[in-house]
Every structure is written in C-alpha cells, then in structure tokens.
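Below: the structure, in structure tokens.
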Amino acid sequence: MATDHELRLRERLTRLRGLNLLGGTRLSAELEKLQRQLERIQAAPTDEEIWRSVELARHQDRPYTLDYVERLFEDWVELHGDRGRADDAAVVVGIGRFEGRTVALIGNQKGRDIKERTKRNFGMAYPEGYRKAMRLMELAERHGFPLLSLVDIPGAYPGVAAEQHGQGGAIARSQALMSRLGVPIVTCVIGEGGSGGAIATALADRVLMQANSIYTVISPEGCAAILWRDAAEAKKAAAAFKPDAVHCLELGVIDSIVPEPEGGAHTDPDEAARLLGEALRDALDELEPIPADELKRTRRAKFRSLGVYA
Amino acid sequence: MSSRIDVSIEHRNVPEPPGKKHPNTCPACDSHYRDDELEAALWVCPHCGHHFTMRARTRIASLADEGSFSEEAADLRSEDPLDFFDLRPYTERLAEAEMKTGLGEAMVIGQAAIDGNGCELAVMDFSFMGGSMGSVVGEKFSRACDSAAQRGVPLVSITASGGARMQEGILSLMQLPKTVCAVEDLHDAGQPMISVMTHPTTAGVLASFASLGDVIVAEPGALLAFTGPRVVQQTTREKLPEDFGLAEQNLRFGHIDAIVPRPELRAYVTRLLRLFGPNGD
Ligand SMILES: [Zn+2]
C-alpha cells in the first residue's frame, strides 16, 4: 500500500512532468531527484514496518544490557557509582572478558518487573549516570581497554533534581570525553536510542543498530504532540521522522545493522546475543590495529561530516 | 511508559508566550516601548531590567567593533532529507522563516573584533524556527570553530535555542556530537570558547556545544534547561522551585560562571579575550 509520503512524491512528480521544461536543467534535475526518492522509498521500510520496529524496540521481553553481558562476557565485574554523589542504576558499567580481551562496558539498563523498573528509573539516566559512564571511559583510556556501549534509553530523565545536577552539561561532557579517547569505541543501539540521553554514550568509532531498534531525536509521541498536537498520532510521526535502522543506515548515522532472530530479539535471546557478539567482535577486530591518534581523528571527522545542507 | 519522556525539541522548552502582548510590551512590568527606545537600551527594559529576545544581527552590532564583522557561510541552506511533512511541509516552514527573519538559518557566524580583539562569532537567532538546531546550524557552528582555529582567535558563542530541529529527524540529533567534536578540535588548536547562554538555551544545544565553553555566562533570567519546566511538571508532577531552570539556579548549582547583564556583556567578553590572548597584547 502506498504511503502518504509516496503519494505526495508521485503527485509532485506528475505536476513537474506536466510543466514544459521551462526551468531547463534545474527542473529536470528536480525530476530526477524525485524519481530517485520514489525508487528509494519503494525499497525502504513501510510505515507499518517502521511502527513495528518502534513496538519491538520497546517490547517488555526484549533483552537488556545485562542479558547480553551474561551471555557474552566472562569474568564480568560490575562497578558502581560516579565517585561524586550517587550510583545511577539506569546505567550499568563494568569490565569483563570478551573474546579473549578485557573490555570496558557502559550500558543503559531497564527493569524487568515493577520493582526493578522503579529501581532503574525505567532506564532513564540522571546526570550521575553520565558521570558514572565517564568514570568508566577514563578507566578504559588509562588501561587501554576497548570501550563497548549498549544504548537502550527512552531519554535522559526529565526531573527537578536531574536539572539541578546538570543534565545538559553532563550529556555534553560525556560526548566530549568520548571524542578524546584513544581506545576503540563500539556502540550498538539495542532498543530505544532516545535523543540526548542516547547520544551521550554513542560517540563511537562504529555505531551499530540491532534490526528492530530505533534511534530518535524525540519520541514518536512527543513529536506527534508538538507537530500534530495529538500524541495519538505517534504512528504518523514515526513514519515522518523514520527512526528505524534502515533509514539511519541510509542517512549515514550508523555503520551497520545487526540482525535479530526472526520475530525480534526477545523470541530467542541466546541467538540475539550470538549475533550481537559477532558484530561487536568484528568491529573491534577492525579497530584495534588503528593507532590512537588516527582513531580519534577519524572518529571526529565522521561525526563532523553528518548533516545534509545545500 | 516511554511515551512519557521527551527532551530535545523545538517548541516544548520554550516558555509560554506572554499572553497576546505586543512584542514591545515588557512581559515582566507591562511597560511599552517603541522599537528605537528598546534598540537604544539593547532590548533591556529600562524600567525593570527584563531582557527581551535579541535578534542575531542586533547582537552582533552590539558586540563587534563597527565595520569589523565579516560574515561566513551565509549562503548555507537546509535541505529536506526526510521529505518531512507534518501538517505542512518542512520546506514551506523554512521558506516562511527566511521571509520572516531575513536570515538563511538560525545561526549567523563570522569574523569580528571586540574592542580591538580578534575573535570568531557564532550567534543564534531564536526567531528562526525557535532557534532549533538542524544540519545548517551544526555545520555553521562547526565552520566557526575551524575559522577561529585557523586564525588563532577565540570563539564567542551566543545561544538561543529551543533544541533540535525535529523535521530533520535523527540528523538533527547528530548535530550534538558534530558540534561537540568541533569544539574539541578548537580546543586542540589551543583556542578557547566563551559561551554566552541567552534565553532560552535548552535541550540539544545545552546538551552539546553551549555547555563546553571554557567560560560559560548567562543573561539574567534566561531559561537554561535540558528539559523545560512544563515538561518536567507534566511528567513528574513534582513541585517546581520558583527559579527552576533559570540562570540564577544554574549559577547556584555550579553550572555557569557568572550572570552578566546585557549592557555589561561587551566589557566582560573583552576582558576575557584579553586574558586568553597572547601575552603583552
Ligand atoms: Zn519591564
């Protein structure tokens, strides 16, 4: 079924074709561009498929960071606290053995039952969570451990104390620190990559997304509430801003897509972990021979090239 | 429950419009002024000291030595990578913003001198789509960092933004790491960044380059928050402190260095530029 988007493109195309090419080359370039867009969206996920990704990314049985740690790491030691004022349970950090090497890991963590969900603040980090992550980044740098980060956060926590403790500044400084590290960094979005809360720990040499995860500047509901003035239009909003892995790959925001078991990661967590482990290992193998200075330079250059303008 | 939270957005963190008041009527004390009266007072209410929103070009004129400003990247324009359409197409919103503001985007950058001290300016304009940060704002800021680094001068950033430009989807989020990396490259080149946060500096801009200044100052009463008061109130039902998210609270909690009233800003920035500049200058 044709999407609204596709219909609009077709309409514009027909209208442009109807004009005698008065604009000359400019107009025909525009025609070509529209034609290309049309071909692309026919191959891209449909609005329905995008919404399915949103639902799977938020599925209550979807594996979380610690589910993967337990399947992929040996000798895992979880570390706690930001060395300042708190231990944010929405962010898990630690060191462990992964495929024969010691790595440092940062991951967002949601809760399984209502008690754990409350304890982990539904996965929404405070500034203390980002300071905890930064402490791990420094540890990784000091000892030359590669850094892995698993992103699964609806968004940074919007609360009074979070603001008073400097939510915006913490997210900015966490990114800045990642841009200075000389060790390889690999990030994978394993569920919700929610806005500033996600990018805080995602400034990596390789950014991966699981096939049914989403990466967003704003939640579909939030976007719908603002632009459509109705949170119930979330599906339309998601179709418009395209948070799915395929579109993120196409826009150059991620480097590759990690496959999931048929039906989503929650249908077979062991297989999901195996596929994720393979992707993380391949990325690390590629990055480890690269000298620190070059890693850092290339990482910054990659992020500095993101954007589309004329 | 993920529907509860949201953060980096264009309008949401912006304070309620002050009723249907005329833009030249002071929202704090109701005094009304002509354009030229406010212009002469740097858009600060002569009666109560309220800081009105200042347009980017007016700001530049108020800081830079006369004739010293040389704009860069003025012709950069947003594309519409997602062919974004909500109730209206993004391209239409862009065209309208350009007509309304006479600006190509929500940021103006260029070389300048302030009291004889060379610097690079990156100034945001809230009138252009709420000062939201999309690909062009990110690219302009990034180029401002490079221009400062190449010429060996400090960067003075002046922000006014509701957050990320939703209509550019994930690419607008990517302007956070992009501008962060640009500041880091500037720092590696040995140059400082002075960040001046004006009302409002929120969400994506606060969570990226604006917070990375070597020195961070704010205008009195400016809202500086990752999530604005209305959303925090709606989501958490917490009782908000009187000065929630304002510059004054941020100073108290240690997030900024000073609150500098607009009439004193030029002298304050000049002093910093001299201190960061080469010895003996
Ligand atoms: Zn007043």
Practice prompt. Any aspartates and glutamates with Cα under 16 Å of the A:LYS115 Cα? List them, leaving off those in the same chain fewer than 8 positions away.
Written response: A:ASP61, A:ASP88
Item to complete: Specify whether the C-alpha gyration tensor of chain B places it in the rounded, prolate or oblate class, a ≥ b ≥ c being the square roots of the eigenvalues: rounded for a/c under 1.5, otherwise prolate if a/b is larger than b/c and oblate if not.
Response: rounded
Worksheet, complete the sentence: Candidates A:PRO220, A:PRO261, A:PRO63; GNM for chain A (alpha-carbon contacts under 10 Å) flags as most fluctuating A:PRO261
Worksheet item: Quick one: which of A:LYS236/A:LYS296; A:LYS110/A:LYS235; A:LYS132/A:LYS296 span more than 27 angstrom between C-alpha atoms?
Response: A:LYS236/A:LYS296
Fill in: Positive-pole candidate from A:ALA172, A:VAL77, B:HIS32, dipole of the protein assembly as shown, charges at beta carbon
B:HIS32
Worksheet entry | Burial of 20 Å² or greater, the stretch A:280-310 residues [accessible area, probe 1.4 Å, versus chain by itself] | A:ARG300, A:PHE303, A:ARG304, A:LEU306, A:GLY307, A:VAL308, A:TYR309, A:ALA310
Practice prompt. Could you run the Karplus curve 6.51 cos²θ - 1.76 cosθ + 1.60 with θ = phi - 60° over the stretch B:66-81 and give me ³J(HN,Hα) per residue in whole Hz, x for Gly and Pro?
Written response: 4, x, 8, 7, 10, 5, 10, 6, 5, 8, 5, 10, 5, 9, 10, x
Fill in: Two-site FRET efficiency, A:GLU49 against A:ARG10, from Cβ-Cβ distance with R₀ of 22 Å, rounded to 0.05
0.65
Worksheet entry | Restricting the stretch B:221-281 to trypsin sites (Lys or Arg not before Pro) in coil, as DSSP defines it, with at most 12 other Cβ within 10 Å | B:ARG237, B:LYS239
Worksheet, complete the sentence: For the stretch A:261-310, listing GluC sites (Glu not before Pro) in a DSSP loop whose Cβ sees at most 11 other Cβ atoms within 10 Å gives A:GLU262
Practice prompt. Roll a 1.4 angstrom probe over the protein heavy atoms and tell me the percent of accessible area of the protein assembly as shown that is carbon or sulfur.
Written response: 50 percent
Practice prompt. Quick one: Debye curve from the alpha-carbon atoms of chain A only, equal weights, vacuum; give me log10 I(q)/I(0) at q = 0.15 Å⁻¹ to two decimals.
Written response: -1.20
Worksheet item: What whole-number value in Å² describes the accessible area per residue of the stretch B:53-276 for a 1.4 Å probe?
Response: 32 Å²
Item to complete: Express as a percent, rounded to the nearest 5, the fraction of DSSP beta bridges in the protein assembly as shown (both residues included) that run antiparallel.
Response: 45 percent
Discussion item. Under a Cβ-only charge scheme (Lys and Arg +1, Asp and Glu -1), can you give me the dipole magnitude of the protein assembly as shown about the Cα centre, in debye to the nearest 20?
Written reply: 700 debye
Worksheet item: In debye, nearest 20: dipole of the stretch B:206-271 around its Cα centre with unit charges on the Cβ of K, R (+) and D, E (-)?
Response: 140 debye
Worksheet entry | Separation between Cα centres of the stretch B:39-76 and the stretch A:91-159, rounded to whole Å | 43 Å
Worksheet item: Looking at the stretch B:38-174, what % of its DSSP beta bridges pair antiparallel, to the nearest 5?
Response: 70 percent
Worksheet item: Among the Cys residues of chain B, which have no other cysteine Cβ under 4.7 angstrom away?
Response: B:CYS119, B:CYS145, B:CYS181
Worksheet, complete the sentence: Across chain B, qualifying lysine pairs (alpha carbons under 25 Å, at least 8 places apart or different chains) come out at 4
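The values are calculated or read from the model by the stated rules, or taken from the named source; none is laboratory data. For clarity, every value in this text was computed on a predicted model and none was experimentally measured. A quick note on method: Cβ atoms are made from the backbone with ideal geometry, for glycine too, and the neighbour counts reach across all protein chains shown. With ligands, DNA and RNA removed, areas are computed over all heavy atoms of the protein, side chains included. Shrake-Rupley method; radii C 1.70, N 1.55, O 1.52, S 1.80 Å.
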